[in-house]
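Only one structure is covered here, and it is reproduced in the block below.
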Amino acid sequence: MRGVDDWESENPLVTVAKHFVTKGCLILGVWGLKHFVWKRDNHTGGREKKQYRVLHNPEKQFKPVHPRWLIDAAASADTPVLDISRLLDWPARYQELCGDVILHHVRPGQRAREELFDLSPEWTYLNHGSYGATLRFASEVQSWFWELAEQQPVLFMETQALPILKAARQEVAALIGARSSDVVPVANATTAASAVISSVPLRRGDLLLMTSLTYPAVRNALARAAGRAGAGLLQVQLPIEVLRRGPKAVHAAFREALSQHRGRVKLAVIDHVASFPPVLFDVKALCSLCRGSGAKVLVDGAHAIGAMPLSVPSLGAHFYCSNLHKWAATAKGCAFLWVAPSEQQDVLPLVTSHGYGLGFQGEWLWQGTSDMSAWLSAPAALYVVSCIGREKWMQHNSALLKEAAGLLRTAFGTEHVLGADGPYACMAAIELPSGLPLSASAPDAQHLQRILRERFRIEVPISAWEGALWARISAQYYNQLADYKRLAKAVMMLVKEAQRNTAAGGTSWRSEDYQERLAAEVGTNGFAMTHQ
C-alpha cells in the first residue's frame, strides 16, 4: 500500500498547488516588506504623519505639475499653426516689414551687403562660417519681438511666444524635409550635440567614434561622456592624403575603424561639412556604414542648413543638428535638433524644466526663461532668401567660392585647396605661401590672423594643419571677388616685406620694433588693437 508521501509526489495537481502557494507567499512577503518600509518612512506611531515623504521610485511615484500653456504647446506639436492673429498683430506687422524690403532686384556683392546686412563697410569680411552675419530684416523683426516681450512679459512668454515658436519651427522643418514634430529649437549645434551625447547609455569598454576633424567643442563633449562612463574614444584619422583621394578613401578609413571594433561603437559623430578643413562628407554612405556596425549616428551639420538643399530624414542618421545663424543668416543663437522618432524618448535636453514628463516636444520647447527672439525671427531670414531665390542664393555662393579659391591659389603659388568641390560649397581652405616668416603652429597662425585683422581689416581665420598655414575663406551673398583680391594682395605684401627684411637683416614680425610699427599704423587708422 502506497504512503501519503508517495501519492503526493506522483500527483501533478499537488505539485502545481505547492508551486502557486509558494509563489503567493513570496509575493505577499515582498508586498508586506515594501509596505513596512513605506510605512516606516512616511508615518509615525498613531495617526501623526511625518513632515516628509520618501519616493523610492520617482519615475512612477513623482507627479510633475505642468503649466497649462506648456501642456497645450506640447500636445499640439503636429497641429499646423495657420492663424496666430488672435494672439497679436504679428501677420499685419510682419507683412508691413516685408513690404519695406525690396528684394527681387538686389544683386549679390556690394549691393546685397549694403541693403541686406549690417556689416561695416570698413571691413573685408571673409569669415561668415564662424558666427554668420544676420540679415537686417531678421534683426528688425527680432528687435520688434524684444519690444513686444517687454510690453507685457507674462502675456508674451505664456501666451504668444510658443505658438509663434512652433510656426517658426514648422518653416525650418519644411526647409529640411522633416516633420515638425521631429524638430526642436536649440541655441546652437554644440548644445544639441552635447544633449545627444549625454543621452547615450555607456559602460566600460564601449566606444564613441569621432574623426580627427570633429569640431573641438564636440570632441570635448565626447571625451567627457566617455570619461565618466569608463568608455573610450575611437578616432578615425583623416589626413590630407585621405581627403584628397575623395569619399571612397574616407569611407575606407571609417570601415577599417568600425570593423576592428565591431559592436563596441555606441555612437558615431559625423560632420556634414567639417569646420576645418571645410570638406563635404558623403554622410548618407557613412551613416549606412555606421548603422551596419550597430552604432547610432549623430550628424553635425553646423554648416549645412542654408548652404545646401537638405532632406534630413533620408540621410539615415539617428540625430542631426545644424545652426541657422550661420548660412541661413538668422539672428545668433538659432539652431535645431532633429531626432528620429524611434530615439525621441531617450534624448533629453541638458536642462530639465516644466516639460518633464511631457514627452519629446514638451521637454525641449521650454527649458526655463530664455530669449526666444532669434528663433521667433527666423522666418524673416528665410523670407529674404526665398524672395531672392534659395537656389540662386546658394549657387552664387558656390560659384564665387570656386572663383575665389582659384584666384588665391594662383596668387599664392600653392598646391592645395580643400572644400571647393561640389555644387554647394561655400567654404574652402587655401594653403598659404611658404614665404611667410612663420611656422606651421597654432600661435603663428593666430599671429597672422591678428595682423590681417588689425593692419588690413580683413577677417579670415588662419589655421596650422599638416605642416602648413591655411586660410579658410567663406563665400556669402554679400561677398564679391574684390574681397578675395584684397586678401591675396595683403598676404603677398607680407611675403614681400619678409623677403626685404631678411635681405636687409631686418627685424621679425615678433620683434618689439614691428609691434610698435603695427600699433602706430593701426592707431593712425583709428582702429584700436585687439588681442586674440
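The values are calculated or read from the model by the stated rules, or taken from the named source; none is laboratory data. Computed from a prediction, not measured in an experiment: that's the story for all the values here. When we count neighbours, we look across all protein chains shown, and the Cβ atoms used for this are built from the backbone with ideal geometry, even at glycine.
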Next on the checklist: Condition check: touching a residue at least 12 places away in the same chain (Cβ under 8 Å) and within 23 Å of the chain's Cα centre (by Cα). Does SER441 satisfy that?
Outcome noted: no
Checklist entry - Does SER439 meet the test of being assigned to a loop (DSSP other than H, G, I, E, B) and closer than 29 Å to GLU241 by Cα? => result yes
Checklist entry - What do you reckon, is VAL183 within 17 Å of GLY333 (Cβ to Cβ) and buried (at least 20 other Cβ atoms within 10 Å of the Cβ)? => result yes
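Within the group TRP393, TRP375, TRP366, TRP465, which residue is on the phi < 0 side of the Ramachandran plot, touching a Cys at 6+ places or on another chain (Cβ under 9 Å) and of a type in the set (Phe, Trp, Tyr)? Full working, then the answer.
Numbers: TRP393 fails: touching a Cys at 6+ places or on another chain (Cβ under 9 Å); TRP366 fails: touching a Cys at 6+ places or on another chain (Cβ under 9 Å); TRP465 fails: touching a Cys at 6+ places or on another chain (Cβ under 9 Å).
From the options TRP393, TRP375, TRP366, TRP465, the qualifying one is TRP375.
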Item to check | Criterion: free of Cβ contacts under 8 Å to residues at least 12 places away in the same chain and assigned to a helix (DSSP H, G or I) - qualifying residue of PHE145, PHE156 | outcome: PHE156
Checklist outcome for this item: Being assigned by TED's automatic domain parsing to the domain that holds LEU298 and touching a His at 6+ places or on another chain (Cβ under 9 Å) narrows LEU238, LEU222, LEU209, LEU233 down to just LEU209
Next on the checklist: Which residue is surrounded by the most Cβ atoms within 10 Å (Cβ to Cβ), if the candidates are limited to the stretch 111-126 and must be assigned to a helix (DSSP H, G or I) and touching a Pro at 6+ places or on another chain (Cβ under 9 Å)?
Outcome noted: ARG113
Checklist outcome for this item: Residue set ALA178, ALA133, ALA138; condition assigned to a helix (DSSP H, G or I) and either at pLDDT 90 or above or within 19 Å of LEU365 (Cβ to Cβ) (or both); output residue ALA138
Checklist entry - Does the stretch 113-141 hold any residues that are touching a residue at least 60 places away in the same chain (Cβ under 8 Å) and either more than 27 Å from ALA189 (Cα to Cα) or in the same structural domain as GLY301 (by TED's automatic domain parsing) (or both), and which are they? => result GLU122, TRP123
Checklist outcome for this item: Taking the stretch 292-336 and the residues there that are among the aliphatic types (A, V, I, L, M) and over 25 Å from GLY419 (Cα atoms), the one that is nearest to the chain's Cα centre (by Cα) would be ALA331
Checklist entry - Out of all the residues in the stretch 347-367, is one or more at pLDDT below 95, over 20 Å from the mean Cα position of the chain (by Cα) and crowded, with 22+ Cβ neighbours inside 10 Å? => result yes
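So that you can scan it fast, the table gives a plain yes or no per residue for (1) assigned by TED's automatic domain parsing to the domain that holds LEU207; (2) more than 29 Å from PRO216 (Cβ to Cβ):
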position: SER293; (1), (2): yes, no
position: VAL299; (1), (2): yes, no
position: PRO313; (1), (2): yes, no
position: TYR320; (1), (2): yes, no
position: THR330; (1), (2): no, no
position: VAL339; (1), (2): no, no
position: GLN345; (1), (2): no, yes
position: TRP364; (1), (2): no, no
position: ALA374; (1), (2): no, no
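For (1) free of Cβ contacts under 8 Å to residues at least 60 places away in the same chain; (2) surrounded by 18 or more Cβ atoms within 10 Å (Cβ to Cβ); (3) among the small types (Gly, Ala, Ser); (4) over 23 Å from TYR131 (Cα atoms), each residue gets a yes or a no:
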| position | (1), (2), (3), (4) |
| --- | --- |
| PRO437 | no, no, no, yes |
| ARG450 | no, no, no, no |
| ARG453 | no, yes, no, no |
| ILE458 | no, yes, no, no |
| GLU466 | no, no, no, yes |
| TYR477 | no, yes, no, no |
| TYR484 | no, yes, no, no |
| VAL491 | no, yes, no, yes |
| LEU494 | yes, yes, no, yes |
Next on the checklist: Filter the stretch 140-163 down to the residues that are surrounded by fewer than 22 Cβ atoms within 10 Å (Cβ to Cβ) and closer than 12 Å to ALA374 by Cα and list them by number.
Outcome noted: GLU140, SER143, TRP144, TRP146
